[in-house]
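> Can you keep this structure in mind? I'll have questions shortly.
The values are calculated or read from the model by the stated rules, or taken from the named source; none is laboratory data. Computed from a predicted structure; not experimentally measured. Cβ placement follows ideal geometry from the backbone for every residue including glycine, while neighbour counts extend to all protein chains displayed.
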Amino acid sequence: MEPTIFVVDDDEAVRRALISAGTLLARPVQAFASAGEFLAAYSPEQPGCLVLDIRMPGMTGLELQRQLADNGASIPIVMISGHADVRTAVEAMTFGAVTLLEKPFRLEELLSHVRQALDADFTARAAQAQHAETGARLAALTPKEREVLEMIAGGMTNREMANSLGISVRAVEDRRARLMKKVNARSVAELVQLLATR
Amino acid sequence: MRRPLIAHPLAVSLVLVAVVFVVDLGLQLGVASAIPYTFAVLIALHARPAWAAPAVAGLCGVLTIVKLEISPDRGTTEMWKVLANRGLALFSIGTTTLLGLLRRRAETNRELAEERAREHQAALAHMGRLSMLGQVTANLAHELNQPLAAISLQADVAVRLAVLGEPVRPELSATLGAVAEQAARAAGILKGIRRMAGRAHPGQDLIDLNDAVRVVVRLLDWKVRRADAQVELRLGELAGQTFGDRILIEQVIFNLFQNAIEALTGREGVKIVTIVTTETAEAQTLSVRDTGSGLADTEKLFEPFFTTKADGMGLGLAISRTIIEAHGGRLWATPAKSGGAEFSFTLPVARPEES
């Protein structure tokens, strides 16, 4: 799925200006006139960022932001507002908005914040993907391999492991090699790091 | 002060005293002189200085006694009768003065109170106009800000596109750049106006919505009776705390309630206005529902200067929405299930860690 710039603003002229601006970044832009329409069309797996007006009839931008957080959608949000008071700004930031722009703003400001938001989303999704992959790899280990893994992580030598498990050093080395291959780690350091990111 | 009945009460009064005294000297009137003397006192009560009436009364008293000294000729009347008559005269002058002064003081007090009430009313009306002007300005500034944001952004985009185009037209990008600059300048002016309009910062009172409803219902009771309507209050228990400007919030409830009553005025059939308050963890909600003819468009209503009333300015709802949004809440309209209209607003409940 291609990263998309989502725009939610009830004012048609502003919405169209945001679409023109977003198009400059050579990314698909999808615009919605209300929070409800956006919620109906958006799925959390969709990468991208959201340019969101705070003041709208019906569900406000801040309410949409909370709703998204409740749904577990972590899409970065660039809030825009006609009258940015401190309280609103604090609230928006607390719930994870990238920034709050006060209308009217210049193109450069908007584009740099949208770029940041897209980057943040990309980084977050990459980390999430790696996390998921690590989990899958570790889950593929047999109980015996897992036992060895924990011992390695605990800093035991092959001999100590062999003694502890009542098998030969050779068998430990075998298991260890299979384990390293399965989790795709080249060194003990990498293996430990893998465990740490879980 | 009312217009005085006589142009120069003190002078007239003194002339009267003099005339009465001369006549009293010439005639053997006995007690009868007291009656014109009391007239003189009554006239003197209309004089501006407060001392006029007691002074004239004193003068009349002195002259009543002096007459006995100057003209002791009492004809056939016995001395005790003359003394009794003069005593009665003094008594009636004194009583008239006392009662007159008391009455004068009561009147002055009443006039002062009336004046104070008028001043208070004028001040309220003035404040109402000022606050309305502020709200209208804030509303207008916000409405203008939207197209301005669009202009500014589109102009910036156009500058970019002009540079990307082949061949590059430097005049075009310079012209578009000027548009963007001027939009930014206009935005700066608007920002200044908004800041000024918002300077009268709304108060931070603890607001009891149910209480505010009761205040407004009491204020508009006469209108409800005139419309022959009924009011139903379903006020929920509100445990959370909401903060804001109590007067402004009451103003919003007043507007919504008044609209609801006016929607029922002159209609046949069921005429009920229902006010409901509810609460969630995040917000308190107040709804005003009527059984009127309902709404055609639930968004256009909130535009400034939109009205369906012959004598309306079309500002009530626009201002109400500005007020509620300034408090972090929302104000919206929906068609009511009963067939009429329903207006609701929310006020955010303060979270404990914030307060």
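> Based on what the data block shows, is residue A:177 farther than 30 Å from residue A:49 by Cα and without any contact (Cβ under 8 Å) to a residue 24 or more places away in the chain?
Taking the combined requirement at face value, the residue satisfies it.
> Tally the residues that are among the charged types (D, E, K, R) and free of Cβ contacts under 8 Å to residues at least 40 places away in the same chain, restricting the search to the range A:13-54.
Residues meeting the conditions: 3.
> I need the strands (runs of 3 or more DSSP E) fully contained in the range A:1-107, keeping only those with at least 1 residues that are more than 28 Å from residue B:282 (Cα to Cα).
A:4-8, A:29-32, A:48-53
> Testing residue B:277 on (1) closer than 19 Å to residue B:207 by Cα; (2) over 28 Å from the mean Cα position of the chain (by Cα); (3) away from every other protein chain (no Cβ under 14 Å), one condition comes back false. Which one is that?
Condition not satisfied by residue B:277: (2).
> For the range A:1-36, which positions are within 23 Å of the chain's Cα centre (by Cα) and among the charged types (D, E, K, R)?
A:2, A:27
> I'd like to verify a number: residues in the range B:157-182 that are at the interface with chain A (Cβ under 7 Å from one of its Cβ atoms) and either of a type in the set (A, V, I, L, M, F, W, C) or touching a Lys or Arg at 6+ places or on another chain (Cβ under 6 Å) (or both), how many?
Adding up the residues that qualify gives 1.
> How about the range A:55-98: which of its residues are free of Cβ contacts under 8 Å to residues at least 12 places away in the same chain and at the interface with another protein chain (Cβ under 9 Å from one of its Cβ atoms)?
Once the filter is applied, which keeps residues that are free of Cβ contacts under 8 Å to residues at least 12 places away in the same chain and at the interface with another protein chain (Cβ under 9 Å from one of its Cβ atoms), the range A:55-98 yields A:85, A:87.
> Filter the range B:316-339 down to the residues that are of a type outside the set (S, T, N, Q) and over 24 Å from residue B:243 (Cα atoms), then identify the one that is surrounded by the fewest Cβ atoms within 10 Å (Cβ to Cβ).
Of everything passing the filter in the range B:316-339, B:337 is surrounded by the fewest Cβ atoms within 10 Å (Cβ to Cβ).
> Could you list, in sequence order, all residues of the range A:63-79 that are of a type in the set (A, V, I, L, M) and buried (at least 21 other Cβ atoms within 10 Å of the Cβ)?
Listed by number, the residues that qualify are A:64, A:68, A:75, A:77, A:78, A:79.
> Determine whether residue A:48 is crowded, with 21+ Cβ neighbours inside 10 Å, of a type outside the set (Phe, Trp, Tyr) and away from every other protein chain (no Cβ under 14 Å).
Yes; evaluated as a whole, the condition is true for this residue.
> Would you confirm, using the coordinates I've provided, whether residue B:247 is in a helix (DSSP H, G or I) and at pLDDT 85 or above?
no
> Does the range A:113-120 include one or more residues that are more than 14 Å from every other protein chain (Cβ to nearest Cβ), under 24 Å from residue B:146 (Cβ atoms) and modelled with pLDDT of 90 or more?
yes
> Cβ-Cβ under 6 Å, sequence separation 6+ or interchain: first residue in the range A:108-125 and within 14 Å of residue A:96 (Cβ to Cβ), partner in a helix (DSSP H, G or I). Which pairs?
none
> A follow-up question, please. Going through A:17, A:13, A:41 one at a time, which residue ends up being at pLDDT 90 or above and buried (at least 20 other Cβ atoms within 10 Å of the Cβ)?
Within the list A:17, A:13, A:41, the selection yields A:17.
> Can you tell me which residue in the range A:146-174 is nearest to residue A:134 (Cα to Cα), limited to those that are part of a loop (DSSP other than H, G, I, E, B) and either touching a residue at least 12 places away in the same chain (Cβ under 8 Å) or hydroxyl-bearing (Ser, Thr, Tyr) (or both)?
A:157
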